[in-house]
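What follows is a short report on a single structure.
The values are calculated or read from the model by the stated rules, or taken from the named source; none is laboratory data. Not measured: the values here are computed from a predicted model. Methodologically, a virtual Cβ is constructed for each residue, glycine included, from the backbone with ideal geometry; neighbour enumeration extends over all protein chains shown.
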Amino acid sequence: MNSVTGMRFPANNRLHRLCGALLPLLLLSACSMGTMVVRGTQTILDSSIVAMNRETDLDLARAAIPANLKLLEGMLVEDPGNRALRLYAAEGFYGYAYGFVEIEDRERAKQLYRRCYEHAHLALAQSGVSLDPEASPENELEAAVAGAGKAAVPALFWSASCLGNWVNLNRDNPAGIAELSSTAILMRRVLELDETFYYGGAHLFFGVYYGGRSPLFGGDFERSEQHFRRAHEINREQLLLVDLLYAEYLARQRLDRDAFHTRLTRILETPVNLNPDLALINSIARQRAGILIKSEDDWF
C-alpha cells in the first residue's frame, strides 16, 4: 500500500520501480566487466610472455609481437590503472624496437621508444614518482626518486631504458642529450634498490653510459668495465647481451679490436638456449653480433 494515498501501485509500476533501482547496478556491472575480464586473464598473459621470451625463431617472434602489443593496449583501455600491464607494454615496445626495428628503421624505432616511455612513465607515476623526468630539474627529480621504494624498481628501470634508447637515437639533438642525465638518476635508484633486476640490467645501462662516450664527454672506461663485469656475475654469463653491448660500445670506444672480436665471436659460438628464459634476447644478441662483426674492418 502507498503510505500517502492508501492506493496500491499497478504491477507494471512496481516493475518500473524495480528496474529503476536495478539499472544503476547493471550499468556499474557493465562498466566493470571489461576490467574484471582483463584482471582475470592476467595469469594467461604472464604465461604467454614467458613463452615469448623462450622463442628462438626470430621470424615467428617478429610476426607475433605487434599483435600482442595491441592486445596489451586494448586491455589498458579497459583497465588504464593496471600498472602491471603498463610495464608489460613498456617492456614489449622496448624489445620490439630494439630487436626488430632499430637496425632497419631508426626513425620508426624512435617512435616506438617514445611509446615505450609513455607507458613506463605512467607506471612510474602510479609507483609514486609523479615528476616528469624530461622536464624536472635534476635536484627535484633526485629528491622524488630517493623516496621511491622497491616496488617502483620496474617502472624506474623501464622509464630509464626506454628514454635512454630514445636519447641514443637522437644524439644530434642537444635537448635529447640533456635528458641522458635524467635517465641516469632513475637507474641509479634501481641499483640502490635491486641491482639484480632484469638480469642486472641497470649495470648494463651504466656499462653503456660510461663506455659509449669519450672521457672528454663524461665517459669512464674503468667504471664501464666494472658494470659490465657485475652484469655478467649477476646473470652468470647467460645473457649474451652483455658481451654484445661491451663490444659495441666499450671495445669500440677504446679501439680494442681484440676485445671486440672476442666478445662477438663468443656470442656467435654460444647456444642461444643456454638459459631457456633468455632464448629470445640471446637470439637477438646473436643476430646483432653477426651484423657488427661484419663491420670490424671498417671500425678498426
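You will find that of GLY176, GLY211, GLY201, the residue that is more than 18 Å from the chain's Cα centre (by Cα), modelled with pLDDT of 95 or more and either of a type in the set (Val, Ile, Thr) or under 24 Å from VAL101 (Cα atoms) (or both) is GLY211 and no other. Considering only residues in the stretch 110-137 that are touching a Ser or Thr at 6+ places or on another chain (Cβ under 6 Å) and outside any loop (DSSP other than H, G, I, E, B), the one that is surrounded by the most Cβ atoms within 10 Å (Cβ to Cβ) turns out to be LEU124. The stretch 181-269 holds helices (runs of 4 or more DSSP H) entirely within its bounds, and those carrying 2 or more residues that are farther than 23 Å from ASP297 by Cβ and touching a residue at least 24 places away in the same chain (Cβ under 8 Å) map to 197-211, 221-234, 241-245. Within the option set ALA90, ALA61, being touching a Phe, Trp or Tyr at 6+ places or on another chain (Cβ under 6 Å), closer than 23 Å to ARG288 by Cβ and touching a residue at least 24 places away in the same chain (Cβ under 8 Å) holds for one residue only, ALA90.
Tell me, yes or no, whether the stretch 272-292 has at least one residue that is over 23 Å from TYR96 (Cα atoms), free of Cβ contacts under 8 Å to residues at least 40 places away in the same chain, of a type outside the set (D, E, K, R) and part of a helix (DSSP H, G or I). No, the stretch 272-292 contains no residue that is over 23 Å from TYR96 (Cα atoms), free of Cβ contacts under 8 Å to residues at least 40 places away in the same chain, of a type outside the set (D, E, K, R) and part of a helix (DSSP H, G or I).
Just give me the residues in the stretch 245-274 being over 20 Å from PHE206 (Cβ atoms), surrounded by fewer than 20 Cβ atoms within 10 Å (Cβ to Cβ) and of a type outside the set (Ser, Thr, Tyr), in sequence order. Correct list: LEU255, ARG257, ASP258, HIS261, ARG266, LEU268, GLU269, PRO271, ASN273, LEU274.
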